[in-house]
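Scroll down for the structure; my scribbles are underneath it.
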Amino acid sequence: MDIVGLPAWEIADKVRRKVISAREVLDAHLSHIRDVDGVSGSINGDKGNEPEKIHAFITLTEDRARKQAMELDEKIAAGEFSGSLAGVPVTIKDIFCVESTPSTAASKILANFVAPYTATPVTRLEKAGAIVLGKVNLDEFTYGSSSESSAFQPSSRNPWNTDRVPGGSSGGSAAAVAGYESTLSLGTDTAGSIRQPAAFCGVIGMKPTYGRVSRYGLIAFGSSLDCPGPIARNITDAALMLQVIAGRDLLDATSATVPVPGYTAELDKGVKGMRIGLSPDYFRITYFDSGSGDLVEQLLPEEIKLKVIEAAEKLQKMGATIVENVSMPHTKYGIPAYFVISRVEAASNLHRYDGVKYGYRTHEQVSNLSDMYRKSRGQAFGLQPKLRILMGMYVSAEQYSEQYYNRALRIRSLIRRDFEEAFDPNGKYRINVLLTPTTPTTAFKVGGMYGDSVLMQYADQLTVPGNHAGIPGISIPAGFDKDGLPIGIQILGPDFSEALLLRISRAYENATETEDWRLKKPAINLPN
Amino acid sequence: MSDEITSDIFWHLVELAALELTTEEAEYLRKEMNNQLRSIHELAAIPIESEVPIASHGIPYNESNSASNRQDVWRPYKEAGKILSQAPETEEGYIVVPEIPHKDLD
């Protein structure tokens, strides 16, 4: 495969050694984007337009990227640059501010907002030599698991089968990387929004520990849960990207002061002696059936479960010990607790959009300020933000907060306790990590679930406990289902164990390197 | 099954949230809110010991992983015009809004 098929580490190496220029890398990617992406999402865009294309982008910042590439080539020619991501094309989920570019959160209310500053993870990527190609689509304000709720249509589609969703909310990011439009992408994960689309699109997605990566410049959703993180096609690239974006930021008081280890240095140390847990609580989901009003427990599809078991067996052959039947009893409460906590935080974060300081203001005649608020917010927020505002206000109201909000915050402690007990070196299980499926299903059909906010949320049942607990998790590709759709497996570890997760993922990647499924490529028109 | 969020409660929330909704939107939103609440009720059945603390976020913050709060420092921002240029309506460096209604507090 030509330049667009190269991994990030190889692009950076070749660009630094002047084997290829950053401009050549950029041109190859822009040409490929023109072939496969189709029209970018736009307000009032037709959601059915070009259903065979990926539609990852909202804004392609070609001129900006060209300027960056030119400046980088000049620095390299002068021997003045050695950044680890030299010339690597990246896309940015359009929930991050990038100075002088539209930063929309995929919402009409921010459609005209041009960010006056750049988010820290983006600044760090650019400083390392990455070339930002543009902003990619997502669920409106990240509220969803399919990317379909974007106000910018057509929303992104899955490169493996464009009748399927790419997942969400970082759907544009995962689709762009899976479709070889960018080598890396910056996503965010509040309940699974990096890991679930990564699983649906057959790429790698990591949610780092809460606080590991700065949230400065990230348009907030659930402030106690949001984590920026990398999406990549191989583990080395994911490690390289995390290395660049991780670490304390004086502009984000919630960023952790814990030192950042060398993620790539640890990658090939293997899994010998590690204890890897499997939990029956991650092989079933419990969800609320809005039709019958009942709680329904359902086992995961056998083909998804099998991929986890096969991965465990491979890791065991490489020297790991598999610990079965790890009890994680509060897993099933992750979504109900999330329904409360995330809504309260979302409502709080969305009150700032009022048509006064920036963003959309109604064009209709208004009688006074309150009328202007109501009309501006009513016309420019989509259904999902409205739902979260109303729900968040209800469950945090004074008369209900003990019953709902405070109870959910206590349940978060219980979810965290499950992990602490599993990872306790003196405890019953003494596991280093937990190996699970990433999602209860593979990518669902476009339009198949959209509108049912409860069922959609349950797509995150296996990922959301990691957000409640604050711990890191990674989703890696593990093969395909009977319909040819990617299946992802997830590894969850203790606080700040990203190096360990990457190392285990790398061992699995090595062990499966020569398997047939690794040779499969997405159905879209890829260069040879 | 009765709806916990009645029409009256719903419209009270809509007023507080400063949202203008169409009839179709209101119907969808109230239905989804009640469905979500039914799912949330699952939490009520969980036995929680009294000592289980509230977790404001998953990872407890302490001196080993987070910085102490710094003093607020006032600094002028060099590019105030860039921020002001985002406002829908301005006049001589001020943001212009429609008439602010007078409201007596209860």
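Summary table below
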| item | result |
| --- | --- |
| Among the residues listed as B:26, B:44, B:55, the single one being more than 7 Å from chain A (Cβ to nearest Cβ) and within 20 Å of residue A:336 (Cβ to Cβ) | B:44 |
| Test: residue in the stretch A:426-438 that is of a type in the set (Ser, Thr, Tyr), within 20 Å of the chain's Cα centre (by Cα) and modelled with pLDDT of 95 or more | yes |
| Helices (runs of 4 or more DSSP H) within the stretch A:139-255 that include 2 or more residues modelled with pLDDT under 95 and surrounded by 24 or more Cβ atoms within 10 Å (Cβ to Cβ) | none |
| Residue in the stretch A:415-435 that is at positive phi and among the basic types (Lys, Arg) present | yes |
| Scope the stretch B:64-76; condition exposed (fewer than 10 other Cβ atoms within 10 Å of the Cβ) and either closer than 30 Å to residue B:90 by Cβ or modelled with pLDDT of 90 or more (or both); matching residues | B:64, B:72, B:73, B:74, B:75, B:76 |
| Search result, residues across the stretch B:58-106 that are charged (D, E, K, R) and within 7 Å of chain A (Cβ to nearest Cβ) | B:79, B:82, B:99 |
| Among the candidates A:266, A:313, residue that is out of contact with any Cys (no Cβ under 7 Å at 6 or more places or on another chain) and closer than 22 Å to residue A:236 by Cα | A:266 |
| Count of residues meeting criterion [more than 7 Å from every other protein chain (Cβ to nearest Cβ) and either surrounded by 22 or more Cβ atoms within 10 Å (Cβ to Cβ) or hydrophobic (A, V, I, L, M, F, W, C) (or both)] in the stretch A:396-417 | 2 |
| Leading residue by the ranking (farthest from residue A:193 (Cα to Cα)) among those in the stretch A:465-499 that are aliphatic (A, V, I, L, M) and surrounded by fewer than 24 Cβ atoms within 10 Å (Cβ to Cβ) | A:499 |
| Extreme residue, nearest to residue A:463 (Cα to Cα), among residues of the stretch A:418-429 that are away from chain B (no Cβ under 14 Å) and in contact with a helix residue (DSSP H, G or I) (Cβ under 8 Å, 6 or more places away or on another chain) | A:429 |
| Single unsatisfied condition, residue A:123 versus (1) on the phi > 0 side of the Ramachandran plot; (2) surrounded by fewer than 24 Cβ atoms within 10 Å (Cβ to Cβ) | (1) |
| Any chance residue A:495 is among the acidic types (Asp, Glu), more than 29 Å from residue A:156 (Cα to Cα) and touching a residue at least 12 places away in the same chain (Cβ under 8 Å) | yes |
| Qualifying residue in the stretch A:348-366 (condition: in contact with a Gly (Cβ under 6 Å, 6 or more places away or on another chain), surrounded by 22 or more Cβ atoms within 10 Å (Cβ to Cβ), within 26 Å of residue A:44 (Cβ to Cβ) and facing chain B (nearest Cβ under 9 Å)) | yes |
| The stretch A:428-457, residues that are closer than 22 Å to residue A:161 by Cα, of a type in the set (Ser, Thr, Tyr) and part of a helix (DSSP H, G or I) | none |
| Members of the stretch A:454-503 that are in contact with a Gly (Cβ under 6 Å, 6 or more places away or on another chain), aliphatic (A, V, I, L, M), closer than 17 Å to residue A:308 by Cβ and away from chain B (no Cβ under 14 Å) | A:487, A:501 |
| The stretch A:91-108 - residue that is under 20 Å from the mean Cα position of the chain (by Cα) and β-branched (Val, Ile, Thr) and, of those, farthest from residue B:84 (Cα to Cα) | A:91 |
| Some residue of the stretch A:309-318 being at the interface with chain B (Cβ under 9 Å from one of its Cβ atoms), in a loop (DSSP other than H, G, I, E, B), hydrophobic (A, V, I, L, M, F, W, C) and surrounded by fewer than 24 Cβ atoms within 10 Å (Cβ to Cβ) | no |
| Residue that is farthest from the chain's Cα centre (by Cα) [pool: residues in the stretch A:367-395 that are part of a loop (DSSP other than H, G, I, E, B) and within 8 Å of chain B (Cβ to nearest Cβ)] | A:367 |
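The values are calculated or read from the model by the stated rules, or taken from the named source; none is laboratory data. Note that the coordinates shown come from a computational prediction; the quantities given were computed from them, not determined experimentally. FYI the Cβ positions are ideal-geometry reconstructions off the backbone, even for glycines, and counts take in every protein chain you see.
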